[in-house]
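Below: the structure, in structure tokens.
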Amino acid sequence: MNISKIEEKLLLYKVKKNDKEAFIKAYDLYVDQLYRFIYFKVGNREEAEDLSSSVFLKTWNYILEKKLENPNTLKALLYKIARNLIIDHYRKTKGRESVSLDNENGIKIIDEKQNPNYGLELKADLLVLETKLPKLKDEYREVIILRFFNELSIKEIAEILDKSKGNVRVLTYRALNALKELLSQDEKPSF
Amino acid sequence: MLISPLGESGEVKLTPFPPKFVAPARGWSALGGDPCLPAGTAPLAEIPPCQGGQINMNDRELLKKLNNLKDIKPDQAWKKNYRGILYSQISASRPVLAPQSNIRIVWQTIMPRQILISLAKPVWLASAASVLILVVGLGGVYASKNSKPGDSLYIAKIISEKAQFAMAFDEQDKAKLGVEFATNRAKEMVQILKDTDQTLETNNDKLEALSQNFKREIGQVKKRLTIIKAAKEQAKNDESQVFGANLGKSDQRMEIAEPAESTTEKPVAGGDIASTTKLISENQTITNATSTPETRASADQMLEQAEKLFDEKNLDETINKLEEVNKALSESGQVKGESEIASSTD
């Protein structure tokens, strides 16, 4: 998953030259985090999978059509396309049954078998957060996913969201506070 | 303690504060450090979490939970399956292009097309071309310095001489250049005489042309020297006239006010003005009078001698003589310059 900046640039240039192998490599590198990003935004496994696949195909077509306007990283481009696709998705499903997050069966946690306790704990955390995340404002949720789930740098987030770095910092702080508030509200009745 | 429901099992899972947890550096930096800890304190597990009233929710725990969520990954089967599909989809979209070498890509990264495009702009091309022409021209002129008639670069030498001559505005400088060119002609003749490869006839033709050239140059220098001399005398006369007129004017004024010192020494009457001004002008141009006429006379004489030597076909001596003339002329030029500065400061 970790990739140096130079490698990333190299990958982008190769992809720009319509190098298929490079694009598949990019898929391997970014599919997990993109899936996670989409999953937390749409809250549904099947839809997340569909959207993730569309993101890669759309990105490839976008590059083929040479529409690239000075993109700094392939990652930023993928996230931008993903965001647009999610917006389209919301528009299409508007008016339908509101999106619900999968139950635990839908969530695949990789090391569940290795450490059952850890997996259990994670599931618990996930459930709490999953129920709270959709209640957050869209931009707060987005920035939390990017920053804390996908561990993107402030600079990368700024590029994806078309915001300044300072703006992203403030947004992250506010998003985290809002999430804390939501979680504490939930806990109050339990005491 | 955070109490979390566990879905369908209905159990309650307690998640104690993890002892080994260290907050992710990037996560904290986004918040400007752990807000529960004083500035500069490392977020160690030993430090108890700050209490938010009755609620046991702390930032570290939250961040840890958030961080845990990065373990959510898509279904491996789907991932693998879609990889194949994606590959076939992108293969169908366009014929396969040969993969490029990394070196070429790095080169393209370092040297983006924009730089090349900006270099191809007319301004840059024009300036590059003019610099090239200048360098080639200067190189040609330098190379032509020792050329003789018949050489391909001889024409460059003649042109550069003409250009030099055109750039000289002072008669003195022009005379100097004339002497220099005459010296060049003599040197060329020496070179031609040394050169035995050529046939006698062609050599004779060239020598004839060169000697004519030499004569012409010398004649011109002589003319110039006489012109300079005449101009000097004219200037001297003008100076004294102007000086006299000024003196007359100031005297008139001084007569009205009070008798001036100069008038007490020398009574100024109409006819005497000329004599006093002459005295003063003689003092003024004392440097000119002492140095330049002598050198000019000697330059004239040396020129005559050089011409004589040239007629006797004694070329080496002629060259030496001409160099002496040149020296004398440049010395007189210096003296002239100094005297000009001195008179302007007076």
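Consider B:S130 carefully, then state whether it is within 24 Å of the chain's Cα centre (by Cα) and under 30 Å from B:A230 (Cα atoms).
no
For first residues located in segment B:50-73 and aliphatic (A, V, I, L, M), partners that are at pLDDT below 75 and lie 6+ apart or on another chain with Cβ distances below 6 Å form the pairs B:I55/A:E187; B:L63/B:A23; B:L63/B:G27. Note on segment B:49-73: among residues that are assigned to a loop (DSSP other than H, G, I, E, B) and facing chain A (nearest Cβ under 7 Å), the one that is modelled with the lowest pLDDT is B:Q54.
In the set B:F165, B:F181, B:F214, only one residue is in contact with a helix residue (DSSP H, G or I) (Cβ under 9 Å, 6 or more places away or on another chain), assigned to a helix (DSSP H, G or I), surrounded by fewer than 19 Cβ atoms within 10 Å (Cβ to Cβ) and among the aromatic types (F, W, Y); that residue is B:F165.
Considering segment A:40-65, and only residues there that are of a type in the set (A, V, I, L, M) and more than 8 Å from every other protein chain (Cβ to nearest Cβ), the residue that is surrounded by the most Cβ atoms within 10 Å (Cβ to Cβ) turns out to be A:V55.
Against the numbered list (1) more than 11 Å from every other protein chain (Cβ to nearest Cβ); (2) modelled with pLDDT of 85 or more; (3) within 18 Å of A:D162 (Cα to Cα), A:F37 comes up short only at (1).
The values are calculated or read from the model by the stated rules, or taken from the named source; none is laboratory data. This one's a predicted model, so the numbers in the text were calculated from it and none came from an experiment. Glycine gets a Cβ as well: all are built from the backbone with ideal geometry, and neighbour counts include every protein chain shown.
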